[in-house]
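The values are calculated or read from the model by the stated rules, or taken from the named source; none is laboratory data. The shown structure was predicted, so the numbers you read here are calculated from the model rather than taken from an experiment. Counting neighbours? That spans all protein chains shown, and the Cβs are built from the backbone with ideal geometry, glycine included. Ligands, DNA and RNA are excluded from the accessible area calculation, which covers all protein heavy atoms including side chains. Shrake-Rupley method; radii C 1.70, N 1.55, O 1.52, S 1.80 Å.
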Amino acid sequence: MSKAAQSTASPRAHPYPTRSSSRLSASKPEPTAAPYAKERAVAIQAVIRASTLCQGVFKKLVSAETITKKDKSPVTVADFGAQAVVNNLIRAEFPEDPIVGEEDSKDLRENAETREKVVELANSVLDKPLSSDEILEAIDYGMYEGGPKGRFWTLDPIDGTKGFLRGEQFAVALALVEDGEVKVGVLGCPNLPQKLSDPEGPRGTIFVAVRGQGAFERSLDSELETKISVSPITNVSETSFCESVEAGHSSQGEAAQIAQLLGITRPSVRMDSQCKYGVLARGDADIYLRLPVSATYEEKIWDHAGGSIIIEEAGGKVCDIHGKPLDFSIGRTLRDNKGVIASNGSIHDAVMEAVQKVLQKSKEEKTV
Ligand SMILES: Nc1ncnc2c1ncn2[C@@H]1O[C@H](COP(=O)(O)O)[C@@H](OP(=O)(O)O)[C@H]1O
Ligand SMILES: [Mg+2]
Ligand SMILES: [Mg+2]
Ligand SMILES: [Mg+2]
């Protein structure tokens, strides 16, 4: 992490009217409120509730509370509970808005014990308790297909479920997409150290961004927001890069080659979830490499919508491995994109050049 990067963040109160965190009292925007002020306020409160639920479960899961999905990935009672809570709160405030959420209730309908645990968890953070059927219905409110027109929310109730299960990083990721463009993003990162350089220090942070209004960070229990910016670093050999912990989600071998080509000597910061975008947005790292492992995998919109606006509003850049912007307008996946490359912006061209060289070399090796 560069020292210069750390000094860019200056604490300041956010210019929007703040609201009580104990209730979702955001139904009447102030007459002078900035665009998306209500969406921003509601999204923060929904993410706080879901993050609180996840924190309560963190490190306490038993195997019976984890299900293996059809694609072999894990999902826990906390993923289901968090999706029920956020969907319920968003629908109450924005009944016209559909939601593209990662989870659905199918497995829960077949498993009464797990279902009751999810109901209990969700109700522990909701003002008005919901029945078991209402919880299942709230989870399935996230089945929207997405697309190019109108507005919808994307929700990843726990991004980095594998990190969550290891007791490491995860994020509750919520975003609003309008006519294909991400307008609002909120990432709840309950286990992220507030300073990466102080891993034993206070943990738990929320990243927030609205298009054209900058990116901010706040803790889970204080309304005071700090404006954040990417690192100002321009010498690429002095940068640090981050990537997934999971070798099955991103090619770590190719990332190491790219780093070597750029003259980067610092070891990569391996971290689960969209916390990586937040860490870049506040200048704690400079490059995020997500290089495809499988030729057929399509990145999911909920895995990148929140993180991408946060990095862009903090002054950074994000694109796919071919330099194309991420396209959130074609459904539940980013099927026209491959992988993700994000950076502080000033070093983006140099990073993209190295990415092209290394991926071209891999391609040639595979065809030999
Ligand atoms: N083969 C693959 N390539 C890239 N991403 C994958 C993948 N398989 C699963 N993922 C996604 O990687 C996300 C986690 O990202 P990261 O590795 O950066 O922590 C998962 O989100 P969930 O944990 O919400 O399921 C999942 O959607
Ligand atoms: Mg998942
Ligand atoms: Mg995810
Ligand atoms: Mg998830």
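Some values worked out for this structure:
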{"item": "The lone exception for residue 67 - which of (1) buried (at least 24 other Cβ atoms within 10 Å of the Cβ); (2) within 16 Å of ligand 2 (Cβ to nearest atom) it fails", "result": "(1)"}
{"item": "Residue pairs meeting the criteria (Cβ under 8 Å; at least 6 apart or on separate chains; first free of Cβ contacts under 8 Å to residues at least 60 places away in the same chain, in the range 66-79; second open to solvent by 20 Å² or more (accessible area, probe 1.4 Å) and near ligand 4 (Cβ under 10 Å from one of its atoms))", "result": "67/74; 68/74"}
{"item": "Residue 107, sole failed condition from (1) within 15 Å of ligand 4 (Cβ to nearest atom); (2) surrounded by fewer than 19 Cβ atoms within 10 Å (Cβ to Cβ); (3) under 22 Å from residue 298 (Cα atoms)", "result": "(3)"}
{"item": "Members of the range 167-187 found to be within 16 Å of ligand 2 (Cβ to nearest atom) and of a type outside the set (A, V, I, L, M, F, W, C), listed by number", "result": "168, 169"}
{"item": "Matching residues, the range 49-59, being open to solvent by 10 Å² or more (accessible area, probe 1.4 Å) and within 14 Å of ligand 1 (Cβ to nearest atom)", "result": "none"}
{"item": "Residue check, residue 136 modelled with pLDDT of 95 or more and either assigned to a loop (DSSP other than H, G, I, E, B) or within 16 Å of ligand 2 (Cβ to nearest atom) (or both)", "result": "no"}
{"item": "Options 82, 46, 78; residue that is away from ligand 1 (no atom under 15 Å from the Cβ), in the same structural domain as residue 220 (by TED's automatic domain parsing) and in a helix (DSSP H, G or I)", "result": "46"}
{"item": "Scope the range 303-330; condition away from ligand 3 (no atom under 16 Å from the Cβ) and of a type outside the set (A, V, I, L, M, F, W, C); matching residues", "result": "312, 313, 315, 316, 317, 320, 322, 323, 324, 325, 327, 329"}
{"item": "Residue match in the range 268-281 (condition: within 16 Å of ligand 2 (Cβ to nearest atom) and in a strand (DSSP E or B))", "result": "no"}
{"item": "Filter result for residue 62 (without any contact (Cβ under 8 Å) to a residue 24 or more places away in the chain and either among the aliphatic types (A, V, I, L, M) or surrounded by 15 or more Cβ atoms within 10 Å (Cβ to Cβ) (or both))", "result": "yes"}
{"item": "Test: residue in the range 182-197 that is of a type in the set (A, V, I, L, M, F, W, C), open to solvent by 20 Å² or more (accessible area, probe 1.4 Å) and more than 12 Å from the chain's Cα centre (by Cα)", "result": "yes"}
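To keep it simple, each residue is scored yes or no on (1) among the aliphatic types (A, V, I, L, M); (2) open to solvent by less than 10 Å² (accessible area, probe 1.4 Å); (3) more than 24 Å from residue 71 (Cα to Cα).
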residue	(1), (2), (3)
261	yes, no, yes
274	no, yes, no
284	no, no, yes
289	yes, yes, no
292	no, no, no
301	yes, yes, no
